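Let me begin by presenting the structure, written as structure tokens, before commenting on it.
Bear in mind that the values in this text are calculations on the coordinates, not laboratory data. Quantities reported herein were computed from a predicted structural model and do not represent experimental measurements. FYI the Cβ positions are ideal-geometry reconstructions off the backbone, even for glycines, and counts take in every protein chain you see.
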């Protein structure tokens with residue numbers, strides 16, 4: 001089960017503390033929201049041990065890349081980046097380079113050969129031991145990729161960025177073993193964080209000023225701890241004073257219960273926004289992927305969700321060119337996209353991952369050119385659907401949680417501001433607004449990805 005991928009994120013600390021002998025650490029993050037949350041854990045663990053977190057690689061004594069193994073492209077990108085960072089040793093000869101996370105776990109046997117200048121390789125269950133390993137010296141790369149079925153990092157308070165949304169990991173690992181997916185092999189089996197620990201974290205988050213949380217897990221709705229299931233947890237965290245929006249990602253369709261749907265419909269802070277991966281619109285492909293549901297079962301779940309939450313924004317993941325995908329299989333995926341009409345989608349062509357069932361047992365028999373053509377077709381299809389759905393927002397007033405100034409100013413050069421609606425839609429407007437403020441915006445125009453409008457007086 002994959003989470004949607006984010007662009008490279010540089011960790012921006014709220015504050016820094018002096019480290020042992022002034023050792024400064026720079027953390028660079030690749031991949032999904034789980035990796036962003038893990039980088040916040042790492043920053044906290046190192047800061048508590050006395051290291052100083054820095055925002056610039058060229059100032060660091062230690063550079064850590066927290067990595068993704070979902071697709072081969074991500075791995076090649078990290079190898080290229082760490083090779084580039086190795087050049088800093090020309091003026092910082094004692095620089096320590098480390099690779100953390102899923103890629104470290106997946107490629108632990110080959111990384112020393114592919115990147116011999118890397119000093120440290122650590123999997124996602126080893127971060128508590130990071131200060132200890134950084135204190136060691138060795139002529140060879142230090143390696144710790146042990147999977148730990150009990151490690152959920154309870155008691156560690158992540159050093160979060162300032163902003164509007166805080167990531168809260170509630171379940172680690174995955175037990176689903178979809179045939180295309182490497183996650184269970186690099187993140188281990190499912191284990192849930194105790195509910196009391198999660199509520200404590202959310203209370204701390206609210207005290208820091210965050211108004212929105214996102215509950216994280218590879219199969220987030222599979223959560224269960226201390227007789228508390230995911231529906232119970234949604235209700236508990238929504239009661240924390242100061243938290244106005246609750247999101248979660250990514251749920252697994254098979255584990256989506258009526259109790260969770262009821263909680264989404266009944267609990268005000270839970271946003272009407274859902275990422276529900278489908279992967280394919282073909283029953284034969286779903287069976288080959290071992291997803292555990294049929295297209296009709298998925299369709300029925302969507303119907304239940306939209307009946308309970310009429311204003312739900314629905315997004316998904318889709319893979320083209322998986323093993324054995326025929327033209328008919330692909331047409332069924334396109335047909336399902338047109339039927340469901342997702343607000344947006346993360347779309348990828350299949351990339352074989354060493355160690356998965358598909359890599360071992362299923363031939364990667366769809367030509368790359370065909371994979372690419374099919375991917376471009378569904379991207380164009382989804383762009384059109386997204387454009388039509390967003391166009392329906394013109395003239396409506398939406399609530400926006402402001403995230404800050406937009407990176408792109410208005411055509412006249414004036415600054416603009418942006419935030420997200422409860423449905424997760426990025427909204428841009430020209431009127432001044434403070435970060436973390438809830439404002440009303442009347443939508444004037446839209447694109448496939450963005451709403452544009454003007455801030456209005458609440459009483460207007």
Taking only the alpha carbons of the chain, what extent do you get along each of the three principal axes, in Å, biggest first? 61, 56, 53
Would you order 150, 282 from fewest to most other beta-carbon atoms within 10 Å of each residue's own beta-carbon? 150, 282
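Is the shape of the stretch 164-209 best called rounded, prolate or oblate, per the rule: a/c under 1.5 gives rounded, else a/b larger than b/c gives prolate, else oblate, with a ≥ b ≥ c the square roots of the Cα gyration tensor eigenvalues?
Details: a/c = 4.78, a/b = 2.36, b/c = 2.02.
Judged from the Cα gyration tensor, the stretch 164-209 comes out prolate (a/c at least 1.5, a/b above b/c).
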Give the Cα extents of the stretch 45-126 along the principal axes, in whole Å, largest first. 31, 30, 19
Debye equation applied to the C-alpha atoms of the stretch 279-330, log10 I(q)/I(0) at 0.14, 0.15, 0.16 Å⁻¹: -0.42, -0.47, -0.53
Over all pairs of distinct alpha carbons, what does the Kirkwood formula give as the hydrodynamic radius of the stretch 278-391, in Å? 14.7
extent check for the stretch 353-449: Cα max minus min per principal axis, descending, whole Å, gives 56, 28, 27
One quarter of the convex hull surface, Cα atoms only: what value does that give for the stretch 96-241 in nm²? 10.1
If the convex hull is drawn through the Cα atoms of the stretch 397-456, its volume per residue in Å³: 76
Starting from a Cα-only point model with no solvent, please compute log10 I(q)/I(0) by Debye for the stretch 36-183 at q = 0.10, 0.12, 0.15 1/Å. -0.35, -0.51, -0.82
Relative contact order of the chain (C-alpha contacts under 8 Å, at least 6 apart) in percent is 10
May I have the pair-distance distribution P(r) for the stretch 163-271, computed from all Cα-Cα distances with 5 Å bins from 0 and rounded to whole percent? 2, 13, 23, 25, 18, 11, 6, 1, 0
So how do 56, 420 line up by other beta-carbon neighbours within 10 Å, fewest first? 56, 420
